[in-house]
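Participant: Okay, handing you the structure first.
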Amino acid sequence: MKNSIIYFLFIGATVLVSGNYACTISSPNKQGENLYLANCATCHGDNGEGLRNLYPPLADADYLKLHRSELSCIIKNGMTHPIVVNGKNFHMPMPAADKLNAVEIHNILNYICNSWDNEMEYFTPKEVESQLKKCQ
Amino acid sequence: MKYCFLFITALLFTFSCVDPDKVVYDENARLPILGERAFVNGDTVYHTAPDFNFINQDSINITPDLFANRPYIVDYFFTTCPTICPRVKAEEIRVFDHFEKNPTLGFLSVSIDAGKDKVYKLKDYADKLGVGTPRWHFVTGDEDHIYDIANDFFHIAQKDPDAPGGFDHDGRLILIDKNKNIRAFCDGTDPKAVDIFIKDVEKLLREK
């Protein structure tokens, strides 16, 4: 009986250790990544690559740096006006993600702005909140 | 007790070792004819794709005549779909590019949003994806007609105000052969399923 307890403890520990390990090494911003995959990746691609001239890329995108102060509201309200990303024209409605709260938007922003060759200064919660207050 | 450990260990191994990616694709097995069958006077009558009458992105009338004697792939979508369609389109483009050198293979993307997806919208969408006629037709038509025939195309399509974007539908790609029989389908959001689907299409194109 004692043996069986040790056996199950061993199996349990192995599962726990391998699970946790996978989480810590894959991404420093797991919530941001998961939210991105659930809400954005269908259009912008799992790696931010976009889709031809229909959905703009987020990977290595100049638009993120040039429009830093607008990003929270773009996520919250979507956008409809024509834009230029990395020299390419895009014009297609992006739907609002009105179910996302400020913390979630914050995590998504820090994820996309520091993935796929984007290297931007991290957003603080304050910065995101003040952007959201000024959304049209 | 000892046997119990052995049993559990064996069980764990079995579950950890079955890798769905390793299932071997049978290159020689003929693609089945899918759908319900009827038996008439000793002959088997197979399910066929429905008749249809659509308008494509170039305002041209599209009927099954266009695909007479050649295979084609059908999906249901709409241009403002916020959920699965963008992924399906990315995968379908992969299929389209793969068969670039097979001009006989047609593509039919049926919009389920007849209200918003007017011809000029479909044209814009196709242009932005960089695909289009003569091989890929983005079509609209009479709304009731589109919903009525969805089932016979193995598709689910219905209006649903609670669904994101206002429509409920699936992301399947359906393969139809030159005799209008349905021969294969896959979940267009799953790249691995689409890889197998590409092999199915290759197999169909090799059929005499």
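Participant: Excluding residues fewer than 8 places away in the same chain, name every one of the lysines whose C-alpha is closer than 21 Å to that of B:Lys101.
Facilitator: Within the straight-line limit of under 21 Å, B:Lys101 reaches these lysines: B:Lys89, B:Lys178, B:Lys199, B:Lys203, B:Lys208.
Participant: Check A:Met79: other-chain or 5+ apart residues with amide H under 5 Å from its amide H, H built from backbone geometry?
Facilitator: A:Met94
Participant: A further question follows. Highest first, please rank the peptides B:33-45, B:165-177, A:109-121, A:39-51 by the mean number of other Cβ atoms sitting within 10 Å of their residues. Can you show the working numbers first?
Facilitator: Numbers: B:33-45: 9.7, B:165-177: 21.2, A:109-121: 17.3, A:39-51: 18.9.
In decreasing order of mean packing, B:33-45, B:165-177, A:109-121, A:39-51 become B:165-177, A:39-51, A:109-121, B:33-45.
Participant: Would you grab the residues whose amide H sits under 5 Å from the one on B:Thr48? Only those 5+ places off in sequence or on another chain, please, with H modelled 1.01 Å from N.
Facilitator: It is none; the list stays empty.
Participant: What ³J(HN,Hα) values, in whole Hz, does the Karplus curve 6.51 cos²θ - 1.76 cosθ + 1.60 give for the stretch B:173-184 when θ = phi - 60°, with x put for Gly and Pro?
Facilitator: With the stated coefficients, the stretch B:173-184 comes to 10, 10, 9, 10, 8, 5, 9, 6, 8, 8, 10, 6 Hz.
Participant: Viscosity 1.002 mPa s, temperature 20 °C: what is the translational diffusion coefficient of the stretch A:28-133 from Stokes-Einstein with a Kirkwood Rh over Cα pairs, rounded to a whole number of µm²/s?
Facilitator: In µm²/s, the coefficient rounds to 156.
Participant: Here's another thing I want to ask about it. Ignoring everything except DSSP H segments at least 4 long, calculate the 222 nm mean residue ellipticity for chain B; use -39,500 (n - 2.57) per segment, divide by total residues, nearest 500. Before the final figure, lay out each step's value.
Facilitator: On the way: 5 runs with 65 residues, N = 208.
After summing the helix terms and dividing by the residues of chain B, the value is -10000 deg cm²/dmol.
Participant: Quote the relative contact order of the stretch B:2-206 in percent (integer), defining contacts as alpha-carbon pairs under 8 Å separated by 6+ residues.
Facilitator: About 27 percent, as a whole number.
Participant: Right, another one. Using the crude model of +1 on Lys and Arg Cβ and -1 on Asp and Glu Cβ, and no other charge, please compute the dipole size for the stretch B:2-206 relative to its Cα centre, in debye to 20.
Facilitator: Charge dipole, the stretch B:2-206, about its Cα centre: 640 debye, nearest 20.
Participant: Let me ask something else about it. Would you please give the residues with an amide H less than 5 Å from that of B:Gly171, counting only those at least 5 places away or on a separate chain, with H modeled from the backbone geometry?
Facilitator: Under 5 Å from the amide H of B:Gly171: B:Gly188.
Participant: Just the number, please: Stokes-Einstein D of the protein assembly as shown in µm²/s, Kirkwood Rh from C-alpha pairs, 25 °C, 0.890 mPa s.
Facilitator: D = 105 µm²/s.
Participant: To the nearest 20 Debye, how big is the dipole of the protein assembly as shown about its Cα centre, given +1 on the beta carbon of each Lys and Arg and -1 on that of each Asp and Glu?
Facilitator: 600 debye
Participant: Another one. Only counting other Cβ atoms within 10 Å, I'd like B:Thr48, B:Thr79, B:Thr104, B:Thr189 sorted with the fewest neighbours first.
Facilitator: Taking fewest neighbouring Cβ atoms as first place, the list is B:Thr104, B:Thr48, B:Thr189, B:Thr79.
Read-outs: derived from the displayed coordinates by stated rules, not from any lab. Every value quoted in this text rests on a predicted model; they were computed, and no experiment measured them. Here the Cβ is made from the backbone with ideal geometry for all residues, glycine too, and neighbour counts use every protein chain on show.
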